[in-house]
Structures are given as structure tokens and as C-alpha cells.
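Take a look at the structure set out below.
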Amino acid sequence: MDHRVLSRLAAPAVAALLALTTGCTGETVQGRPGASGVRDPFFPKAGNGGYQVEHYSLDLDYDPADGQLHATAVITARAEQGLSSFNLDLSGLEVEGVSVQGEGARFNRTGNELTVRPAEDLERGEVFRTEVDYSGRPKAVTDPDGSEEGWIVTPGGKGAVGVGEPVGSMAWFPGNHHPSDKATYDITVTVPRGYEAVSNGELRSRTEEGDGRTAFAWHSAEPMASYLATVAVGKFEVTTGRTASGIPVYTAVSPGEAAASEPVLARLPEMVEWGIGRFGPYPFSATGAIVLPAHSLGYALETQTRPVFPGAPGSEELVLHELAHQWFGDSVSPKSWKDMWLNEGFATYAEWLWSEDHGGPSAQQHFDAYVAGDTRVDGEAGSDWGAFPPAAPRNPKEISASPVYGRGAMVLQRVRQEVGDAKFFALVRGWAADHRHGNASTADFTAYAEEKTGRDLTEVWDVWLYGKDRPKAPKAPKDAK
Ligand code: ARG
Ligand code: ZN
């Protein structure tokens, strides 16, 4: 604001201008409660309104012997409105104390909402620090589709893993748990000596504490959606290295899974370089993998920089799939859980492309195998891909169902058929670059695709992306590979 201009304005105009810039109307800051959710179509209570987190600093002390967590979360956020109170999502656990800007704050809990009432209202635009001290035995969260995330004790009971898709992160730290709020992270995990603690990003330090415990300090320099945060505690064989272009690799493998994991994980550095060639610059400053004891989870997850596998990865394609999510899902994150096909359709398409580029069936052959029947190109049951349109799962049970994956990938192949290879790959790279470290919706994608390729793709969207009926065989592709 230019003060020379201000001084020439009449007093009421100045007051109005100040109200506009500070978001308040009187002398005292008038806050109002932040919303208890961001109205996600499937998880309306996920996330919270009125602020955006900039940084999480989590200090987790975990003992696998009794499953107890003692933790402090310091959350730096920016208020987007005047706030008299705001919410964090937290499931289970006991909150011992909350402070905001160093002052004790009142708080109460209802369901998975932790409501914090700071001693003083927060002003719009203010950056504020909230500290939450909490403890207890974190639990698993069961999804609408019956799968489990949150805090999972691994088989044998000698370790645990925190995973968050879609709403499991609230089981192990308080936060704004919706993908539309991305932040940087420092996650420090202290465990008994002999255990490893692995998380996202780079390992900044590993410190032997005097009391027979080891502290692992992990740093995520790039923004991360909270569902992609992870912590794995257990006995792991750690391997470090670099990809050809210098990206640090850190893999942690459960000893019982080491032999079976070795051949597929050995190809990870090459996959990263392949991804860079196909999708553009790798979005993060680290890569790697976490292989848990067998049967730890019912799925693998693309946790940022370091995907989690529930036992030795069963195939190269699975490792490639989780790696591809680093561009599609982790760097370009969905605006809502309804946009999940933007994650899974791209990651599945990446598997097809990897196959095409390595002497296997082409993406078109994968597409044809789906069209021909409900089988994948490898002959395995490919699922009922036609059951519903990928951009319109009907309920939260369906966000990880097969049409989101297979038919999502088919949408991309249909676009490729329409626009040809040059425009298609420019579109894929442009999409990753334009929304790097951000969020995007299905509408953002369709608009971008048409703008970037200069083509009207209405038919592809209407039939393949949104059409309720299982699409019939497409018209003969022009120059499809
Ligand atoms: N996003 C994971 C993948 O495709 C699958 C996770 C499915 N399970 C879940 N609870 N969200 O690699
Ligand atoms: Zn996936």
C-alpha cells in the first residue's frame, strides 16, 4: 500500500481499505470458527476450513513393544479468514495440551475433529504456530471399501507403519487431512535401539540418544499431501545409492523380503530415469521404497518419495506404478477424492507405457485387451472396468475400484488415439509441469488437454470419462501404437 495515496483519501475510505486488507471491520480482530471440513464430495469432514498448513514438524516417539506413541506436532499455518477457532483432524489418541503462538489454547474433541480455540483470535493472513502434545496407541482406520489404513502394526508385532490414503493420517497426527492442503514436513521418529524408522524425503540425521533410543530425522522439502506421509518402524535392511542423474535412493527392506525384493528394486533407479524421459523432471529430491514384512497391508501405496509395499513387490509393474504416482498423485495431487482417476489412470497408463518401451505389449494392446473382455493383456482377470465412469465413482467405496484404474488409463489411450503421439506426450509432460507440487481436478485436466492439443475431445470425455455405459469398441484408431 502506497502511503502517499492513503494520506490523500478521506478517513472513511481509509477505514474501508484497511478493513479490506486486514479482513476485519473494527479495532479488535473479529474471528469466526473455521469450517470442520472442506466439503469433499466423499469425505465431507476431511480437512478443515479457514487456514492452510505451510509446515508440519512431527516428533514421534514410538515403542513397538507396547504400541505406545508419545508425540508433539508443531503446525505452521496461514489463516485464510479471521479465526476465533479452527479444527484439526485427529482420530483416537489423547490430547494432552494445545498451544497457539506459544499461549495455552482451549480445545475440545468431537468424533475425528479437534477444535482449538486460541487465547486470541487469529487475523486473516496471519501465520501461526499450533503445538499439539498427544499420546496413546494409534489405531487402524477402516475405509468405506473395507481396506485399512492409519496405523498398522505389522505381522509379528515388531513394527508398525503409518499410511494415509484416503483418511488414515488422522490416526497418527493431527492435521488438515485433505489433499487440497499440501505442506512441507519434518518428521522425527525416536525408536528403541536396533529398530529403524523410515519416513518421507531425506534422512537429515540419525542420533543415538543416551537412553538406548535412536532418533531418525526426516525432511520433506517439497509440498506433500498428508495422505502421502508415512512412517515405518521395524527391522529393515537399508540400501542407499543414486540414480544416473543423481537422485538419492534410500530403500528399507524387511529382512524376510530382501531376496524376493532385490531383482525388482534393483531396477528402481532405471525406472526413475525412464520416468524423467517420459513425464519430465522428477518432482522430488529423493526416491526409494519401503518393503514391509509380508502381508502387512492389502495394497501398496505411493507414499511420497518412498512408496510402501506390503511385502516384496510382486512385479516390476507394481514398483513402476507407485513410482509413476510421484508425478501423478504426489506432485500433481487431486483437488478432491472424486478426482482419483487422475492418480490411478495415469499410474496404470504408465505401466502400459513401461511395457511398450521395454519390448512388452504396447499401450494399444493393453487397451485392446480391456476392450475385448474383462481381461488384462497378461490374461489375468482385469476386473469390471466398465462398471462406472472413472471420473464419477458413485460413492466412496469406489474411489479405488478398477474402473478408476483401467478405464482411467483407457481414457488416456483414447486421447492418444485422437491427437497422435507428439501431442499426447507433450500433453502428459505439460500436465506434470503446469501443476507441479499443486492440485488439479478432472475439469482442469479436460480443459488443459483441449487447450494443449488444440482438439475438441468432447466425445472422449462424454463416452469414456463420464459415460455411464460401458463404452463399445472405439472407432478405428488413426495412428495408434
Ligand atoms: N493408491 C494405491 C495404489 O494404487 C492403492 C491404495 C488402495 N487402498 C486404499 N486404502 N486407498 O497404488
Ligand atoms: Zn495407484
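The values are calculated or read from the model by the stated rules, or taken from the named source; none is laboratory data. Since we're looking at a predicted model, the values are computed, not measured. Methodologically, a virtual Cβ is constructed for each residue, glycine included, from the backbone with ideal geometry; neighbour enumeration extends over all protein chains shown.
The table below gives the values:
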item: Residue satisfying condition, being within 13 Å of ligand 2 (Cβ to nearest atom) and β-branched (Val, Ile, Thr), within set VAL332, VAL308; result: VAL308
item: Flag for GLY298 being surrounded by fewer than 23 Cβ atoms within 10 Å (Cβ to Cβ), at pLDDT 95 or above, within 13 Å of ligand 1 (Cβ to nearest atom) and within 19 Å of the chain's Cα centre (by Cα); result: yes
item: Subset of the range 33-52 (residues that are in a loop (DSSP other than H, G, I, E, B) and of a type in the set (Phe, Trp, Tyr)); result: PHE42, PHE43
item: Residue in the range 335-351 that is nearest to TYR282 (Cα to Cα), counting only those that are touching a Pro at 6+ places or on another chain (Cβ under 8 Å) and more than 10 Å from ligand 2 (Cβ to nearest atom); result: LEU342
item: Every residue from the range 155-171 that is within 15 Å of ligand 1 (Cβ to nearest atom) and farther than 18 Å from ASP145 by Cβ; result: VAL161, GLY162
item: Residue check for PHE279: more than 16 Å from ligand 1 (Cβ to nearest atom) and in contact with a strand residue (DSSP E or B) (Cβ under 9 Å, 6 or more places away or on another chain); result: yes
item: Hey, VAL141 over 19 Å from VAL189 (Cα atoms), within 16 Å of ligand 1 (Cβ to nearest atom), surrounded by 15 or more Cβ atoms within 10 Å (Cβ to Cβ) and under 21 Å from the mean Cα position of the chain (by Cα) or not; result: yes
item: Residues (in contact (Cβ under 8 Å) with a residue 24 or more places away in the chain, touching a Phe, Trp or Tyr at 6+ places or on another chain (Cβ under 6 Å) and assigned to a loop (DSSP other than H, G, I, E, B)) located in the range 296-336; result: THR305, TRP327
item: Long-range neighbours under 7 Å by Cβ, at least six apart or interchain, first residue free of Cβ contacts under 8 Å to residues at least 40 places away in the same chain within the range 415-444, second of a type outside the set (Lys, Arg) and surrounded by 19 or more Cβ atoms within 10 Å (Cβ to Cβ); result: VAL419/THR453; LYS423/THR453; PHE424/VAL415; LEU427/ALA449; LEU427/THR453
item: Near pairs, Cβ below 8 angstrom, 6+ apart or cross-chain, from the range 261-290 (free of Cβ contacts under 8 Å to residues at least 60 places away in the same chain and farther than 14 Å from THR305 by Cβ) to any residue that is of a type in the set (Val, Ile, Thr) and in a helix (DSSP H, G or I); result: VAL264/VAL319; LEU265/VAL319; ARG267/VAL319
item: Leading residue by the ranking (farthest from ligand 1 (Cβ to nearest atom)) among those in the range 337-366 that are surrounded by fewer than 22 Cβ atoms within 10 Å (Cβ to Cβ) and assigned to a loop (DSSP other than H, G, I, E, B); result: GLY359
item: Residues (within 15 Å of ligand 2 (Cβ to nearest atom) and outside any helix (DSSP H, G or I)) located in the range 386-413; result: PRO390, PRO393, ILE399, SER400, ALA401
item: LEU318 vs. criteria within 13 Å of ligand 2 (Cβ to nearest atom) and among the aliphatic types (A, V, I, L, M); result: yes
item: Matching residues in the range 181-212 - criterion: being in contact with a Leu (Cβ under 6 Å, 6 or more places away or on another chain) and charged (D, E, K, R); result: none
item: Residue, nearest to ASP63 (Cα to Cα), within the range 155-187, restricted to residues that are buried (at least 22 other Cβ atoms within 10 Å of the Cβ) and among the β-branched types (Val, Ile, Thr); result: VAL161
item: Neighbours by Cβ (under 9 Å, 6+ apart or cross-chain): first from the range 58-80, farther than 16 Å from THR154 by Cβ and modelled with pLDDT under 95; second of a type in the set (A, V, I, L, M) and part of a loop (DSSP other than H, G, I, E, B); result: none
